[in-house]
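Student: I have a structure here, written as structure tokens, and I will follow up with some questions on it.
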Amino acid sequence: MPYIPHTEAERDAMLKTVGVESLDDLFVDIAPDLRPKSFLASAGLPEQEVRTLCEELAERNTRVLSFLGAGYYDHYIPAAVDALAGQSAFVTAYTPYQAECSQGTLQAIFEFQTAIARLMELDCANASLYDGGTALFEACTMCVRQAKKRTKIVLDEGINPIWRKMLETYARNLPVEFVLVPLKDGAPDKEALKAAIDDETAGVAVQNPNFFGVVEDYSDVFAHAKEKKALSVISVNPVLLSVLKTPGAMGADIAVGEGQPLGQPLDFGGPYLGLMACKKALVRQMPGRLVGRTHDTQGRTGYVLTLQAREQHIRRSKATSNICSNQNLCALRALVYLSLMGPQGLKDVAENSIAMAHHAAREIVDQIEGASLLNTAPFANEVAIRLPVPADVLVQRCLARHKCVPGYPAGRDFKGMENVLVLACTERNTSGQVGILLDAMKDVIAWIGQDELCQARG
């Protein structure tokens, strides 16, 4: 859609209509010193100078070795993802309101839904949501809507603390009660989870692997929830579903997740992508959109928006959510990534990530005095390690002294875990990088020890 500026006559007509004589009169409530002096753009630079300037700015960046995860992971992205998802027909497309002129976009979304439903082993998936946290919130509200008179949601403490904070924020003015079930040294307390699910419970929500990397089978928890007529929600890492028990196999009713590991680059705050799949019986409670495949009167295949109970539509009082779009371009990237990797490729990524995390954990525990695993539970590509020093100090000093981020300090979100570091690996990490990490940690731990000794001596 081209941008065509207004003519002087058009501006004068609009000003007259609103009852002012000039643009200055229109903005009289803004202090003169705060108004822009001009809206005219400054003279541009030649292309060569712009490239040189950008290269100079890029050279100021510092390369950092990172073992940071906490819900977002640095996986390798094949070049084809950028090439295919960057086609102008996808990049410039608006929301597919008119199916007859949006067939390409709708087909891509349909294929994405199919891929996610197969990955989760559930009946259907929607066209995506904003991110993993909002997907979890929408899943919880699905439970409340389905239960009608129940408002209690049982939450495992192992759910990403960022997403738990989002739940509290989104539900602040809604009739939803969250009951938090504490962990045992970073591992889920399944018996406590089952005990918290009662006749007032609308749903139970867990995460696998949890924030500390612990892998668990929640089949018995979900079976108990079903007995209590409550729904089961599980948040997952989509890459690890290639090797771990799927939500469908566990008996979950709704599965959600952060889609960033599927072909999305790690940038400052995004973009992210919310995944959601559910059983067929809950499809009308799903937020956002659902693309379907059909045939026209001539028998030709066509794609349509089958379900989209949204706040902007005629039946907005029946809307399941106020989400007004989906992360279409990010969903496309996820689809391209999954298609390129295939089942075996995704499995290779998961297995290599898990193997490297186990290698790093062994090296740290073996070579750093006073370091130990937080628990003995199985873990995937992320692991919690108890250190002889505060993890927050270690992370800050490793970054400052060695340009290395060892992981995430659990004490920022969990009381009593000030010395716990949550370390993550992907297939991009190497044994050599683990060696660099070890050297950095040893140096900083020794530095902290010397600093404490000096303070003790006064």
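Student: So, of the residues in segment 128-152 that are in contact (Cβ under 8 Å) with a residue 60 or more places away in the chain and over 15 Å from the mean Cα position of the chain (by Cα), which turns out to be surrounded by the most Cβ atoms within 10 Å (Cβ to Cβ)?
Tutor: Filtering segment 128-152 for residues that are in contact (Cβ under 8 Å) with a residue 60 or more places away in the chain and over 15 Å from the mean Cα position of the chain (by Cα), the one surrounded by the most Cβ atoms within 10 Å (Cβ to Cβ) comes out as 143.
Student: Please go through segment 71-115 and give me each residue that is at pLDDT below 90, under 24 Å from the mean Cα position of the chain (by Cα), assigned to a loop (DSSP other than H, G, I, E, B) and surrounded by fewer than 13 Cβ atoms within 10 Å (Cβ to Cβ), ordered by number.
Tutor: 92, 94 - these are the residues of segment 71-115 that are at pLDDT below 90, under 24 Å from the mean Cα position of the chain (by Cα), assigned to a loop (DSSP other than H, G, I, E, B) and surrounded by fewer than 13 Cβ atoms within 10 Å (Cβ to Cβ).
Student: Just checking, does segment 383-391 include any residue being of a type outside the set (A, V, I, L, M), touching an Asp or Glu at 6+ places or on another chain (Cβ under 8 Å), part of a helix (DSSP H, G or I) and surrounded by fewer than 18 Cβ atoms within 10 Å (Cβ to Cβ)?
Tutor: Within segment 383-391, not a single residue is of a type outside the set (A, V, I, L, M), touching an Asp or Glu at 6+ places or on another chain (Cβ under 8 Å), part of a helix (DSSP H, G or I) and surrounded by fewer than 18 Cβ atoms within 10 Å (Cβ to Cβ).
Student: Another question, if that's okay. Would you pick out the residues in segment 224-265 that are surrounded by fewer than 21 Cβ atoms within 10 Å (Cβ to Cβ) and within 14 Å of the chain's Cα centre (by Cα)?
Tutor: 265
Student: Sort out which residues of segment 3-23 are modelled with pLDDT of 85 or more and in a helix (DSSP H, G or I), and write them in order of number.
Tutor: Those that are modelled with pLDDT of 85 or more and in a helix (DSSP H, G or I): 8, 9, 10, 11, 12, 13, 14, 15, 16, 17, 18.
Student: Within segment 208-227, is even one residue part of a strand (DSSP E or B) and either among the small types (Gly, Ala, Ser) or farther than 24 Å from residue 348 by Cβ (or both)?
Tutor: no
To keep it simple, each residue is scored yes or no on (1) at pLDDT below 95; (2) over 30 Å from residue 373 (Cβ atoms).
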| site | (1), (2) |
| --- | --- |
| 149 | yes, yes |
| 153 | no, yes |
| 159 | no, no |
| 174 | yes, yes |
| 183 | no, no |
| 186 | no, no |
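Student: Related question: Among the residues of segment 161-192, how many are in contact (Cβ under 8 Å) with a residue 40 or more places away in the chain and assigned to a helix (DSSP H, G or I)?
Tutor: Going through segment 161-192 one residue at a time, the tally reaches 3.
Student: Looking at (1) farther than 16 Å from residue 66 by Cβ; (2) among the acidic types (Asp, Glu); (3) touching a Gly at 6+ places or on another chain (Cβ under 6 Å), can you tell me which one residue 382 breaks?
Tutor: That leaves (1) as the condition not met.
Student: Considering every residue within segment 243-255, establish whether at least one is within 28 Å of residue 272 (Cα to Cα), in contact (Cβ under 8 Å) with a residue 24 or more places away in the chain, outside any loop (DSSP other than H, G, I, E, B) and among the hydroxyl-bearing types (Ser, Thr, Tyr).
Tutor: Taking every residue of segment 243-255 in turn, none turns out to be within 28 Å of residue 272 (Cα to Cα), in contact (Cβ under 8 Å) with a residue 24 or more places away in the chain, outside any loop (DSSP other than H, G, I, E, B) and among the hydroxyl-bearing types (Ser, Thr, Tyr).
Student: What about residue 346, is it under 27 Å from residue 244 (Cα atoms) and in a helix (DSSP H, G or I)?
Tutor: So residue 346 fits the description; yes.
Student: Could you please find all residues in segment 355-376 being in contact with a helix residue (DSSP H, G or I) (Cβ under 8 Å, 6 or more places away or on another chain) and either surrounded by 19 or more Cβ atoms within 10 Å (Cβ to Cβ) or assigned by TED's automatic domain parsing to the domain that holds residue 112 (or both)?
Tutor: 356, 360, 364, 371
Student: Which members of segment 435-448 meet the condition of being more than 21 Å from residue 412 (Cα to Cα) and surrounded by fewer than 22 Cβ atoms within 10 Å (Cβ to Cβ)?
Tutor: If the condition is that a residue be more than 21 Å from residue 412 (Cα to Cα) and surrounded by fewer than 22 Cβ atoms within 10 Å (Cβ to Cβ), then 435, 436, 438, 439, 440, 442, 443, 446, 447 are the ones that fit.
Student: I'm trying to understand the selection: among the residues of segment 116-160, which are assigned to a loop (DSSP other than H, G, I, E, B), within 19 Å of residue 206 (Cα to Cα) and among the hydrophobic types (A, V, I, L, M, F, W, C)?
Tutor: Within segment 116-160, 122, 159 qualify.
Student: Next up: Just to be sure before I move on: is residue 284 assigned by TED's automatic domain parsing to the domain that holds residue 115, of a type in the set (Lys, Arg) and touching a residue at least 12 places away in the same chain (Cβ under 8 Å) in the structure I sent?
Tutor: Answer is yes for this residue.
Student: Checking residue 323 against (1) assigned by TED's automatic domain parsing to the domain that holds residue 161; (2) over 27 Å from residue 82 (Cβ atoms), which test does it fail?
Tutor: (2)
Student: Kindly establish whether residue 432 is modelled with pLDDT of 95 or more and under 21 Å from the mean Cα position of the chain (by Cα).
Tutor: In short, no.
Student: Something else about it: Which of the residues that make up segment 18-51 are surrounded by 10 or more Cβ atoms within 10 Å (Cβ to Cβ) and among the small types (Gly, Ala, Ser)?
Tutor: 22 - this is the single residue of segment 18-51 that is surrounded by 10 or more Cβ atoms within 10 Å (Cβ to Cβ) and among the small types (Gly, Ala, Ser).
Student: Still on this model: Among the residues of segment 103-125, write down those that are farther than 22 Å from residue 265 by Cα and either among the charged types (D, E, K, R) or in contact (Cβ under 8 Å) with a residue 24 or more places away in the chain (or both).
Tutor: 103, 106, 107, 110, 117, 118, 120, 121, 122, 123, 124, 125
Student: Also, quick follow-up: Take segment 402-430 and flag every residue that is assigned to a loop (DSSP other than H, G, I, E, B) and either surrounded by fewer than 18 Cβ atoms within 10 Å (Cβ to Cβ) or at positive phi (or both).
Tutor: 403, 407, 413, 415, 416, 418, 428, 430
Student: Only one of these is at negative phi and in contact with a Lys or Arg (Cβ under 6 Å, 6 or more places away or on another chain): 76, 130, 97, 170. Name it.
Tutor: From the options 76, 130, 97, 170, the qualifying one is 76.
The values are calculated or read from the model by the stated rules, or taken from the named source; none is laboratory data. As the structure is a prediction and not an experimental result, all values here were calculated from the model. FYI the Cβ positions are ideal-geometry reconstructions off the backbone, even for glycines, and counts take in every protein chain you see.
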